[in-house]
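Since every read-out is calculated from the coordinates, none of them should be taken as a lab result. Model, not experiment: these values are computed from the prediction. As a convention, Cβ positions derive from the backbone with ideal geometry for all residues, glycine included, and neighbour counts pool all protein chains shown.
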Amino acid sequence: MTIGKPAALLILLASLAVFAQDKPADSPQAPPATTQGAPATTPDATSSPATPPKTDRAAAYYHYSLAHMYEELVAIYGRAEFATKAIEEYKLAINNDPSSEYLNSGLAELYARTGHIRDAVMEAQDVIKRDPQNLEARKLLGRIYLRSLGDQGGAQSQEILKRAIEQYQQIVRLEPKSVEDHLLLGRLYRLNNDLLKAEAEFKTAVQIEPTSEDALTTLAYLYNEEGDSKRAAETLNQVPEAARTSKMYSALGYTYEQEKDYKKAVEAYRSAVNSDKDNLDASRGLAQNLLNDNQQDAALEQFRQIVEADPHDAQSLMRMAEIYRREGKFDQALDALKRAENEVQDSLEVPYNIAVIYQAQGRFDDAINELNQLLQKSEKPDGSYTAGEKNNRSVFLERLGSIYRDTGRTQQAIDTFRKMLTLGDEPMSRGYQQMVETYRDAKEFSQATAIAQEAANKLPNDRNVKMMLAGQLADSGQPDAGINMAKSLLKNDGSSDDREVWLTLANIYSRLRRFPDAENAIDSAEKLATRQEDKDYVLFMAGSIYERQKKYDQAEDVFKKVLANDPNNAVALNYLGYMMADRGLHLDEALGYLKRAVQIDPYNGAYLDSIGWAYYKLGNYDLAEENLRKASERTANDPTVLDHLGDLYQKTDRLKLAAAYWERALQEFARSNAGDVDTTEVAKVQKKLETAKVKLAKQGERKAAEVQPK
């Protein structure tokens, strides 16, 4: 019969117990101890000094053997009584050989494994006091501190971090060639925000083992965190491609992503996936960077594969929903979000994105309801929000306010945006900007300027607020004051801050029809644009300036460059399509651009007007009327939409209705800001209305003559 290991251990324990009973009477017996280091009996004050315990290594080894066997039984059965017996035997072994650091370290390790953390710490500290060079005791103490870091908060956590750092400083001194220990010490320094020391430890780890994926990737991620992606890439690229692991390629992909070099990021992540087909994190990185690079179909397919491998991956489902939304496939986007919601039921991100889809579908009340629920769910009665919680609430409020504004509920929009002001800092700034935009949309320009001035008074150091006020001053008859305010914000240091100021100046000059100045400002902004998205925005602004000057060929070239980089830029699609349709050129091509814009944002009043106008130019008056009417419902006070409807009704022999819309268009032009009005267009509408009135008067005279008795 074969005896299993647990049974054999129990038999051996029994035999050792018998051996203990049969020991000669003169064999040294260790007194039982319940507290490490304490004698079995406590002498009174009159007792003579205790005799130092006699060393008996045979007895110590005997008790250690029992302790070790009990440890194995703990590992097999997990029973507390075996842990207690193991501890007792260790103590008996130590009493028979008090100077054995091996036994003391073993007891400390056992304490740690069985959850007696305080005892483990005390035991390890005692060992280190007796032997400061004891590496195992320091490693045990370091591991205990590491495990405890996440269990404490505030000052306690900082104290434990300090102790962990102290232990690992000694560990790397005693064992200087351990890559793992240098990495651990570096991570502890990172937690302590001592980035220079962290970098030094990571570099040491790389010097010890130049091809260590942990050392190289950890150092690269530190450089990325410091904003130095160039050094991160150099660190990773020093490893030959043949020696790179999936983890290294993933770190390289992340580095290129930080640099906004999405094509290189895709290439690196694809290599990571090819090196390890089961690395879903690398697959996620590949999918996200395909999306960043506007390779939507490829990104969608990659996310589908990830969800097939991990059906509970809510983040990938949300990315799929984002792609469907960009493509105007709102029902599919909603389905993906509902699946994600089942996986992360306490998420704030999923219901927020559901509200975004509802808004895109025109289900405005459903979107409002979803956002109000999010605001209630995230509300704290005492108003004590963390920075992240403030940001979440500001995003919810901003989206809710924009829906109110877009549906013509101006006061509700203002009230909602005003709630952002209580969140302070950036949310406060954005809240003021949205309030100004809302009043501008409602053509309450004096209110807009008043709010901009209030914002500048409350946030005197906020550059965005000052630029907003500068624009308002220029629009309200104080152009020099606005321009000077904007120019005062220039640092002339080549920073992104200066790029934003030049863009503001370009917009002000353009609205003032000072086009040479606008073009000079846009040139200055272009020189400071480094990221592709910034370059695209500068290009778009340049295109809009060319279009306002009727430099259509230049504008068309610029908008096409924007779309080459970002094919789903709905604003550029609309601008280009409308510009072509309005001149009656390449109408089928123009309609294609506008269909894509409307697919992306089907309830955008400007896009609906543009596609309606394209259908009008093509002679498809039914579709023209359908889309222009929808545009009018979304932007009831837009004079261009009203003018287009007037033209449509004239073309379809409804002259009286046409005249009514032209008259409304002139009223809205009169209410508009001067920078938004092309006086040539106003004159055209005025002439059309006067001609229509003459025709209507003649028609009235003929009808009156027809009813006169002969």
Inset, instruction - With the Cα gyration tensor of the range 425-530 in hand, give its eigenvalues times 5 under a square root as the equivalent ellipsoid semi-axes, listed largest first in whole angstrom. - result: 22, 17, 11
Inset, instruction - Report the label-to-label distance for Ala200 and Arg147 in nanometres (one decimal), using points 7 Å from each Cα along the Cα→Cβ vector. - result: 3.1 nm
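Can you compute the FRET efficiency between Lys263 and Asp331 using 1/(1 + (r/R0)^6), with r the Cβ-Cβ distance and R0 = 41 Å? Round to the nearest 0.05.
That pair, Lys263 with Asp331, gives E of 0.80.
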Legend entry - For the range 389-412 and the range 293-324, distance of Cα centres in Å: 29 Å
Inset, instruction - Once you have the Cα-Cα distance between Gln554 and Glu426, take 0.36 nm times their residue separation minus that, and quote the gain in nm to one decimal. - result: 42.4 nm
Inset, instruction - Could you work out the Kirkwood radius for the range 217-338, taking every pair of different alpha carbons, averaging 1/r and inverting it, reported in Å? - result: 14.8 Å
Legend entry - Distance histogram for the range 571-645 (every C-alpha pair counted, 10 angstrom bins, percent rounded to whole numbers): 24, 59, 16
Inset, instruction - Please work out the Cα convex hull volume for the range 122-219 and give it in Å³ per residue. - result: 91 Å³
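What does the charge add up to near Tyr552, with Lys and Arg as +1, Asp and Glu as -1, over the other residues with Cβ less than 11 Å from its Cβ?
Once positives and negatives cancel, what remains is -1.
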Inset, instruction - Taking 7 Å along the Cα-to-C-beta vector as the label spot, tell me the Glu533-Ala481 distance in nanometres, rounded to one decimal. - result: 3.5 nm
Legend entry - Formal net charge of residues neighbouring Leu286 (Cβ-Cβ distance under 11 Å; K, R +1; D, E -1): -3
Legend entry - Descending Cα extents along the principal axes, the range 363-494, whole Å: 46, 32, 26
Inset, instruction - Based on other C-beta atoms within 10 Å, arrange Thr438, Thr530 from fewest to most. - result: Thr530, Thr438
Inset, instruction - Would you tally the net charge around Ala518, using a Cβ to Cβ cut-off of less than 13 Å, leaving Ala518 out, and scoring K and R as +1, D and E as -1? - result: 0
Legend entry - Percentage relative contact order, the range 374-474, counting C-alpha pairs under 8 Å, at least six apart: 18 percent
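Determine the gain in length on full extension of the stretch Glu241-Glu301; use 0.36 nm per residue of separation and subtract their C-alpha separation, reporting nm with one decimal. Provide the component values of the computation, followed by the final result.
Details: separation 60, 0.36 × 60 = 21.60 nm, distance 2.70 nm.
This chain segment gains 18.9 nm when fully extended.
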Legend entry - Percentage, to the nearest whole number, of Cα pairs in the chain over 37 Å apart: 60 percent
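What number do you get for the range 637-705 when its Cα radius of gyration is normalised by 2.2 N^0.38 Å, N = residues? Don't skip to the end; give the middle numbers.
Working: Rg = 12.9 Å, N = 69, 2.2 N^0.38 = 11.0 Å.
The range 637-705 yields a ratio of 1.17.
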Legend entry - FRET efficiency estimate (nearest 0.05) - Cβ-Cβ, Thr211 to Glu234, R0 22 angstrom: 0.90
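What's the extension gain from Thr652 to Ser496 if we count 0.36 nm per residue and subtract their Cα-Cα distance?
51.0 nm
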Legend entry - Under 24 Å from Lys380, Cα to Cα: lysines that are on another chain or at least 8 residues apart: Lys390, Lys419
Inset, instruction - Just grab the label-to-label distance for Phe364 and Lys162, each label 7 Å out from Cα along the Cβ direction, in nm (one decimal). - result: 5.9 nm
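Assuming R0 = 51 Å, what is the FRET efficiency of Arg173 and Ser378, from their Cβ-Cβ distance, to the nearest 0.05? Don't jump to the answer; show the numbers that get you there.
Details: r = 49 Å, r/R0 = 0.95.
Efficiency, rounded to the nearest 0.05: 0.55.
In square nanometres, what is one fourth of the surface area of the convex hull spanned by the alpha carbons of the range 555-710? Can you show the working numbers first?
Numbers: hull surface 42.1 nm².
Mean projected area of the Cα convex hull: 10.5 nm².
With runs of 4+ DSSP H residues as the only contributors, calculate the mean residue ellipticity of the chain at 222 nm using -39,500 (n - 2.57) per run, divided by the residue total and rounded to the nearest 500. Before the final figure, lay out each step's value.
Details: 36 runs with 528 residues, N = 710.
Taken over the chain, the calculation gives -24000 deg cm²/dmol.
Could you grab the relative contact order for the chain? Cα pairs under 8 Å, six or more apart, rounded to a whole percent. Could the numbers behind the result be given before it?
Working: 897 pairs, mean separation 29.0, N = 710.
Over the chain, the number comes to 4 percent.
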Legend entry - Dipole of the chain, positive end: most advanced residue of Asn192, Leu161, Leu291 [Cβ charges, Cα centre]: Leu291
